[in-house]
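Laboratory data are not the source of any read-out in this text; all were calculated from the coordinates shown. Values in this document were obtained by computation on a predicted structure and should not be read as measured data. Here the Cβ is made from the backbone with ideal geometry for all residues, glycine too, and neighbour counts use every protein chain on show.
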Amino acid sequence: MRRRSLMIAVPAGLAVLAGCGDEKSDSKTAGDSVSPSPSAAASPNIVDGPLPAVTAGSKFGEKPTLAKGSGELPKDGIAVRTLITGSGRPVAEGDYIVADFLGQIWGTDKVFANSYDGKQPLVAALAQGQIWEAWRYGLPGKKLGSRVQIATPPTWGYPQGSQDAGVKGTDSLVFVIDLKEAYSANSSAQGKKVPQTDKALPTVGTNTDGKAPSIEVPKTDPPKDLVANYVIEGDGEPLKADSTVLVHYKGVLWDTGKEFDSSYSRNSLTSFSLQQVVKGWGQGLTGKKVGSRVLIVVPPSLGYGDNPPQGSDIKKDSTMVFTVDILAAI
């Protein structure tokens, strides 16, 4: 399946690889509006109303128009209704979902965020502090291809308010959400396998079952220059130098073959900007297609040189070897 270019609205990770390097939208788009405050509230009860009518744009993928919400939402619950039932797999808590959505303040016609106008779906993890709590509780179990409507009191929306979104801490919210795709810790690159014929370079496994690919490092001296080769070539758009990406990755040391960092070991995907990681990653992934698996060999000059991260297994002048599955990108 073709991986589309997407908006990533999740905190950056990849602490070990963070380098020295360096989005904001108005209240009508899906940018900084998606910065909900973590809630320590108990899990909400799920009820089926009240919910305002969709007065236009009722098809999946169309920008909806909503009537003003009326009536009192329960203070201990959220209203959830499936408007269109999809045929894809159910999403689960912890998944990174790809969704078009519109958010409106209850009792008004004020839209505080939407992704339809910018034609950039939102990518966010269904996890605490990374998306509205109402989504985290209301979307698990809903199938891809579904349109879901959720209304929430402030407790599971913006309990502290959001100046960027123009939402007060007393505002209830209503959402229409089109679930387009989802990624989990079991996601892998999907594409054409590329022959690995250079015996002087590491060989990377081509499994696509979500498990960590193997990395076999040859007993030779490492290359002095950066290597960035396709292992599996996807059919998505090429990454730009300032892209933000969602990846699964694993890193080992050339000298020992020892793993020093891995999103597979954490059972969690990672997102980051190519401008915020070591130069070898930024240069190696720029131009590579979304949906691909890439072998990256980072020489010390483009890695950490004689200043490795404290507390890591990376030594001075280490050559690092990575396998990276590029799942989505902005």
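Residue order for Thr220, Thr270, Thr206, fewest other beta carbons within 10 angstrom first, comes to Thr220, Thr206, Thr270. Taken about its Cα centre, the range 192-329 carries a charge dipole of about 120 debye when Lys and Arg each add +1 at the Cβ and Asp and Glu each add -1 at the Cβ.
For the listed residue pairs Lys110/Lys168; Lys119/Lys180; Lys192/Lys224; Lys199/Lys289; Lys279/Lys316, the alpha carbons are over 20 angstrom apart in Lys192/Lys224; Lys199/Lys289. Exposure proxy ranking for Lys258, Lys279, Lys224, Lys250, based on other Cβ atoms within 10 angstrom of each Cβ and starting from the fewest, stands as Lys224, Lys258, Lys279, Lys250. Placing unit charges on the Cβ atoms of the charged side chains and taking the dipole of the chain about its Cα centre, the candidate lying farthest along the positive direction among Pro309, Pro140, Tyr249 is Pro140.
Relative contact order of the range 33-182: 32 percent, from C-alpha pairs under 8 Å at least 6 residues apart in sequence. Whole angstrom only: what separates the Cα centroid of the range 64-132 from the Cα centroid of the range 249-294? Spelled out, the Cα-based centre of one part sits 31 Å from the other. Taking amide H positions as modeled 1.01 Å from N, with prolines and chain starts lacking one, the residues under 5 Å from Gly236 and 5 or more places away or on another chain are Arg3, Val290. Summarising the amide proton neighbourhood of Tyr116: residues at separation of 5 or more, or on other chains, whose placed amide H is nearer than 5 Å comprise Phe101. Semi-axis lengths, largest first, of the ellipsoid equivalent to the chain are 41, 19, 16 Å, with √(5λ) applied to each eigenvalue of the Cα gyration tensor.
With contributions of -39500 (n - 2.57) from each DSSP H run of at least four residues, the per-residue ellipticity at 222 nm computed over the chain stands at -1000 deg cm²/dmol.
Relative contact order of the range 192-329, taken over Cα pairs closer than 8 Å and 6 or more residues apart, is 29 percent. Rounded to the nearest 20 debye, the dipole size of the chain about its Cα centre is 660 debye, using +1 on the Cβ of Lys and Arg and -1 on the Cβ of Asp and Glu.
Cross-link partners of Lys63 among aspartates and glutamates, defined as those whose alpha carbon lies under 13 angstrom from its own and excluding same-chain residues fewer than eight positions apart: Asp100, Asp117, Asp178. Arranged from fewest to most other beta-carbon atoms within 10 Å of their beta carbon, Trp132, Trp281, Trp106 become Trp106, Trp132, Trp281. Maximal additional length on extending the Thr256-Val194 stretch stands at 19.8 nm, based on 0.36 nm per residue less the C-alpha distance.
Taking Cα centre as origin and charging only the Cβ of basic (Lys, Arg, +1) and acidic (Asp, Glu, -1) residues, the dipole magnitude of the range 61-198 rounds to 320 debye.
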